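Q: Okay, here's the structure, questions in a sec.
Derivation of every value follows stated rules applied to the coordinates shown; laboratory data play no part. Keep in mind that this is a model prediction, so the values were computed, not measured. When we count neighbours, we look across all protein chains shown, and the Cβ atoms used for this are built from the backbone with ideal geometry, even at glycine.
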Amino acid sequence: MVPELGHFALIIALGLSAVLFVLPLWGAYTANTTLMYSGRSLATGQFIMVSIALACLGYAFLHDDFSVSYIAGHSNSLMPVYYKISAIWGGHEGSLLLWMFMLSGWTFAIAMLSRSLPLDMQARVLAVMGFVATGFALFILLTSNPFDRILPMAPLEGSDLNPLLQDPGLIFHPPLLYMGYVGFSTVFAFAIAALLTGKLDTAWARWSRPWATTAWAFLTLGLALGSWWAYYELGWGGWWFWDPVENAAFMPWLVGTALIHSLAVTEKRGLFKSWTILLAIFAFSLSLLGTFLVRSGVLNSIHAFANDPDRGLFVLGFLGVVVGGSLLLFALRAPVVKSRPGFNLFSREALLLANNILLMISMLTVLFGTLFPLIADAMKLGKYSVGAPYFNLTFTPFITMVCLLMGIAPFSRWKRSSGDSIRRNIKAPIIISLSAAALVPLLLGKYTTIAVAVSFVGVWVLSTTWTDLLVKSSHKAGFSKGLKQHSLSYWGMIIAHTGIAFTVLGVGYTTQYSDEQKVRMSIGQPVVVAEREFTLESLDKVRGPNYIADEARVVMRKNGRVIREFKPQKRRYLASGQIMTEVAIAPGFLRDIYIAVGEAENISPNTRPMRIHYNAFVRWIWLGALLMAVGGMLAVIDKRYRKRVRTADEKSPANATAISGAQ
């Protein structure tokens, strides 16, 4: 009965979404305040219904209701409770329900937290969100219903969740990733609402900016957690593989990064309106493209959820409607979107525009590498595989230029800035960066061109960021007073750019200074890797709640002293019989020691193949991502975003009274 209740709640959510699309939009068109106000109630009802559906699916998982097809395929009575909960979104149907839940949550947030918006603008934004929700609710109910029953003979036991997903990463990674992925629907909705009115003044950019930054921060956390999860779960020792599905989440992040900076220019200077609108459309469109790639079966990836062309065609059709419709609306409204550019070559506007273009080019290189094998296959040109060498070669130069310009932009001024002023401020960072490029590779023991370049670029971003803080905090009344005068959004920028510096250094140094050794270890016989001695002490059989494992106990010594004990495992899951590697990691700020046990071979029972990794600076990658997300969140809570922003019409004395009365 509970699954039927969840199914019924989804049907009601579909109806509310459709009404949310129609009524507030018609109310805004006819200036009917009652219909416009209905958007808030409809958004609340939609969120409640989708929450009920998600709760019903969770209840069925916890009670091992294997008569539900989705649960029978993704759960097992032996699974721990926390994995049963995370299994709700561990497969295609449940992950779509999570997507719908996030979408309804963002819609509800706009309804509750955007009451300072003009009523007609909020009504249009909620209507666009209702349109998107209608599409996804139809997708779930018509092609991917998580509540479908197996009747009349339900299985007594489930087939188990994919062992790769039986990990705490599944609990946090998809919700965080979807918060960012789906969050760009809010900026898309604001952009379409602004196009519908034809009034793209600075107010809509101010309204959109906190929503865009929040979505970007969550997507940053989701990508970082996915990278960390792949690092310790897959057993390969890598943190990024340029997998097509990884790329599908990375591309919206690149466009989102360009978007939040373009919104700043539009808000402060009233420029780049058309460009900002297009970035908002592209950010959400790439999120939908990622959904198509993951769920259509066109990709061969360990991250892909589904292999059903019918589902893929539905998403592709919806993607065509959203992208085609929004671009058509943009084309119709483009003549009224006017900006009067008034800035010179060294102004902040020019530097931010250059960085935006470079970020878009970076995204296009990733998009081409991701889609080319699909296009070539569809055109009968043969089977192609695009791997890390292509992405590293094409992506790295552009993102390097982004970092170099990032260091200059803080020292420039809006509208007009002199080259002399910029040169004066970047002298110290240049000296610091060149010194780091010369000395750090020597200190780390490996002097290569890449190590020199990484040291320069990473330290350049770090030194320019903090030099800017130092310059802007210099105050006649004292440095400490100058620090206190900065806004939260400025501190957010400082922290986020610091995070980028750490990520750049982490990526470069872990590539250059890591070491991997494949060794065959026998009990009691030490091997040496990265100036450390590793000894296999024992091989034991252990049992978990739903698996049995071969566990190796490895002791690491340095200079004869025991530093760490490792217990990597090779697990066999009872329900599916799948074999999984469970690595052991000794974390550190400057390095990780990472051990994975290999398959048993036809050799001595006291011998096992092992992979021992010395991963230098790898944690700086995730530390940087965390700092970026913290910086984004600090910018969002800046008090200026809680102030009422008047539109151009509201600033007009003739219209102020009428608009006030309508609200």
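Q: Identify, among ALA549, SER473, LEU225, the residue whose Cα sits farthest towards the positive end of the charge dipole of the chain, taking +1 on the Cβ of Lys and Arg and -1 on the Cβ of Asp and Glu, with the dipole about the Cα centre.
A: Checking the options against the dipole of the chain, the answer is SER473.
Q: Once label points are set 7 Å from the Cα along Cα→Cβ at both LYS380 and LEU313, what is their separation, rounded to one decimal in nm?
A: My value for the distance between the label points is 2.1 nm.
Q: Given 37 °C and 0.692 mPa s, how large is the Stokes-Einstein diffusion coefficient of the range 515-617 in µm²/s, with Rh as the Kirkwood radius over Cα pairs?
A: Numbers: Rh = 14.1 Å.
Taking Rh from Cα pairs, D becomes 233 µm²/s.
Q: Might you report the magnitude of the Cβ-based charge dipole of the chain about its Cα centre, with Lys and Arg at +1 and Asp and Glu at -1, to the nearest 20 debye?
A: It works out to roughly 2980 debye.
Q: Find which of ILE579, ALA600, LEU536 sits farthest along the positive direction of the dipole of the range 515-617, computed with +1 on the beta-carbon of Lys and Arg, -1 on that of Asp and Glu, about the Cα centre.
A: Positive-end residue among those listed: LEU536.
Q: I need the calculated FRET efficiency for the pair ALA31 and ALA55, taking r as the beta carbon distance and R₀ as 35 Å, to the nearest 0.05.
A: For ALA31 and ALA55, the calculated efficiency is 0.35.
Q: Another one. Using the Cα centre of the chain as origin and beta-carbon charges of +1 (Lys, Arg) and -1 (Asp, Glu), tell me which of SER69, GLY632, ALA378 is placed farthest towards the positive end of the dipole.
A: GLY632
Q: Further question on the same structure: Mind jotting down the distance between the C-alpha centroids of the range 416-484 and the range 1-65, whole Å?
A: About 52 Å separates the Cα centre of the range 1-65 from the one of the range 416-484.
Q: Also, I was wondering about something else. Calculate the tail of P(r) for the range 1-162: the fraction of all Cα-Cα distances greater than 21 Å, expressed in %.
A: Within the range 1-162, distances greater than 21 Å cover 47 percent of Cα pairs.
Q: Provide the per-residue ³J(HN,Hα) series for the range 319-325, in order, calculated from phi with Karplus coefficients 6.51, -1.76, 1.60 and θ = phi - 60°, each as a whole number of Hz, with x at glycine and proline positions.
A: Each residue's phi maps through the Karplus curve to give 4, x, 5, 5, 5, x, x Hz.
Q: Give the peptides 434-445, 114-125 in descending order of average Cβ contacts within 10 Å, highest first.
A: Sorting 434-445, 114-125 by mean packing, highest first, produces 114-125, 434-445.
Q: Among 514-522, 194-202, 616-624, how do they line up by average Cβ neighbours within 10 Å per residue, starting with the highest?
A: 616-624, 194-202, 514-522
Q: Mind putting a number on the dipole of the range 515-617 about its Cα centre? Charges go on the C-beta only, +1 for Lys and Arg and -1 for Asp and Glu, and I need it in Debye to the nearest 20.
A: Roughly 140 debye for the range 515-617.
Q: Here's another thing I want to ask about it. As a check on your grasp of the helix formula, calculate [θ] at 222 nm for the chain: sum -39500 (n - 2.57) over DSSP H runs of n ≥ 4, divide by the residue count, round to the nearest 500.
A: Mean residue ellipticity, 222 nm, calculated: -22000 deg cm²/dmol.
Q: By per-residue mean of other Cβ atoms within 10 Å, what is the highest-first order of 375-386, 52-63, 420-431, 142-153?
A: 52-63, 142-153, 420-431, 375-386
Q: Kirkwood hydrodynamic radius for the range 94-201: how many Å is it when counted over pairs of different Cα atoms?
A: After inverting the pairwise mean of 1/r, the radius is 16.3 Å.
Q: Further, regarding this structure: Quick check: residue separation of ARG413 and LYS484 times 0.36 nm, minus the Cα distance between them. What number comes out in nm?
A: 23.4 nm
Q: Any idea how far apart ALA331 and VAL528 come out in nm if each label point goes 7 Å out from Cα toward Cβ?
A: Result: 6.9 nm between the two label points.
Q: Normalised by the residues of the chain, what does the relative contact order come to in percent, with Cα pairs under 8 Å and at least six apart?
A: Over the chain, the number comes to 12 percent.
Q: With the crude spin-label approximation of a point 7 Å out along Cα→Cβ, what separation in nm comes out for TRP236 versus TYR82?
A: Taking the simple label geometry, TRP236 and TYR82 are separated by 2.6 nm.
Q: Note the direction-averaged projected area, equal to a quarter of the hull surface, for the Cα convex hull of the chain, in nm².
A: Convex hull of Cα atoms, orientation-averaged projection: 34.1 nm².
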